[in-house]
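Only one structure is covered here, and it is reproduced in the block below.
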Amino acid sequence: MKAIDLRSDTVTHPTPAMREAMYRAEVGDDVYREDPTVNRLEQMAAQRLGKEAALFVVSGTMANLVALLTHCGRGDEVILGDRSHTYMFEQGGMAALGGITPWPIPNQPDGTLRPEDIAGAIRGDNVHFPRTRLLCLENTHNMCNGAPLTAEYTAQVASLIHGRGLRVHLDGARIFNAAAALGVDARELVREADSVMFCLSKGLCAPVGSLLCGDADFIAEARRARKIIGGGMRQAGILAAAGIVALEQMTGRVAEDHARAKRLAEGLAQIPGIAVTPPASNILYFQLTDETTKTQEEIVSGLAERGILLLGRLEGRFRAVTHYWIDDAGVEKTIQAMRAIM
Ligand SMILES: *Cc1c(COP(=O)(O)O)cnc(C)c1O
């Protein structure tokens, strides 16, 4: 029996079409820019996000790090959300490897940063201070209920930042989920960002990879930053081939995952002892209430015995993420299992 794996959308295996494309991929040495499949993926990604150029990297973490190393020098400062992936889950790579200081400001429950908090964190010219260089946003926001940031919000904040001569980087790991949740083209959500990254390896099902997009000069510099951290790849077309299939076949279907997250939320909300936060995209958070004496451990292990995996997360919350390999039957089975355990 195959597990119903709701831990993350990173657990998605490549589709049969991806494996076929990987098998047939034309390849070359990508450090010499001679891999035609990587070149094609980078062009497609840039075009899909309305940017001049793109760079294929191994992970979302690497894409964010390369972006930060490109925008900032040693001693520079970055403003970002205190619940952002870059601040919480990337080992402080900007500081560890780049000598860049983070200034975390509060993420609101909808994933936004308040413009007044951003303005308050921009440093003045003073010999005691680091120099503010960059603002990072996250769309959709992983820890904030998978909430999408609107194009209007991003433009408003970008205009504040650009007005102060600074830049905006967007962690768009799930930017196509944001586009589907808001019913807009992804280009509109990233138009005002100076750089944006998205992941192929999450809901889009590709086995490996993320793309960093921006203008041509920025991407040329980012290519150097990728190389210095050991991210130059050779016949990477094997991986890029799956990414091309992801862009061609998978970005248009993620709304199905959002509908299933919603159905799962509705089903779980009927069970006494569970409090559900209505999901904004494919990420569903819920928690136990005082009505139950069950522990988080009992729930996680009870589900695992029934072939269902999810994360018992930080702060007493559970996280379930829907994706390509979770069908309607998997959702119903999860609701029934939870009812039985409770
Ligand atoms: C997953 C994720 C990343 C990092 O991607 P990896 O490929 O796991 O390194 C960055 N930002 C957000 C919002 C993510 O969800």
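The values are calculated or read from the model by the stated rules, or taken from the named source; none is laboratory data. The structure presented is a predicted model; accordingly, all values stated were derived computationally and were not measured. Ideal geometry is used to build each Cβ from the backbone, glycine not excepted, and the neighbour counts take in all protein chains shown. Please note that ligands, DNA and RNA were not included when accessible areas were found on the heavy atoms of the full protein model with its side chains. Shrake-Rupley method; radii C 1.70, N 1.55, O 1.52, S 1.80 Å.
Against the definition (assigned by TED's automatic domain parsing to the domain that holds A280 and open to solvent by 20 Å² or more (accessible area, probe 1.4 Å)), how does R306 come out, yes or no? Spelling it out, R306 is indeed assigned by TED's automatic domain parsing to the domain that holds A280 and open to solvent by 20 Å² or more (accessible area, probe 1.4 Å). Report whether or not V27 is in contact with a Pro (Cβ under 7 Å, 6 or more places away or on another chain), of a type in the set (V, I, T) and not in a helix (DSSP H, G or I). Judged against the criteria, V27 is not a match.
Residues in segment 194-211 that are small (G, A, S) and either out of contact with any strand residue (DSSP E or B) (no Cβ under 8 Å at 6 or more places or on another chain) or more than 14 Å from the ligand (Cβ to nearest atom) (or both): G203, A206. Of the residues making up segment 154-185, those that are more than 25 Å from V66 (Cβ to Cβ) and either among the aromatic types (F, W, Y) or within 14 Å of the ligand (Cβ to nearest atom) (or both) number 0. Among the residues here, R234 qualifies as more than 16 Å from the ligand (Cβ to nearest atom) and either part of a loop (DSSP other than H, G, I, E, B) or within 27 Å of M22 (Cα to Cα) (or both). Restricting to segment 213-228, give me the number of residues that are in contact with a helix residue (DSSP H, G or I) (Cβ under 7 Å, 6 or more places away or on another chain), outside any helix (DSSP H, G or I) and either free of Cβ contacts under 8 Å to residues at least 24 places away in the same chain or open to solvent by 10 Å² or more (accessible area, probe 1.4 Å) (or both). Matching residues across segment 213-228 total 0. In segment 195-212, the count of residues that are without any contact (Cβ under 8 Å) to a residue 60 or more places away in the chain and among the β-branched types (V, I, T) is zero. Scanning segment 239-283 for residues that are without any contact (Cβ under 8 Å) to a residue 60 or more places away in the chain and in a strand (DSSP E or B) yields a total of 2.
Please work out which residue is most open to solvent (accessible area, probe 1.4 Å), limiting yourself to segment 309-342 and to residues that are assigned to a helix (DSSP H, G or I) and modelled with pLDDT under 95. The residue in question is E315.
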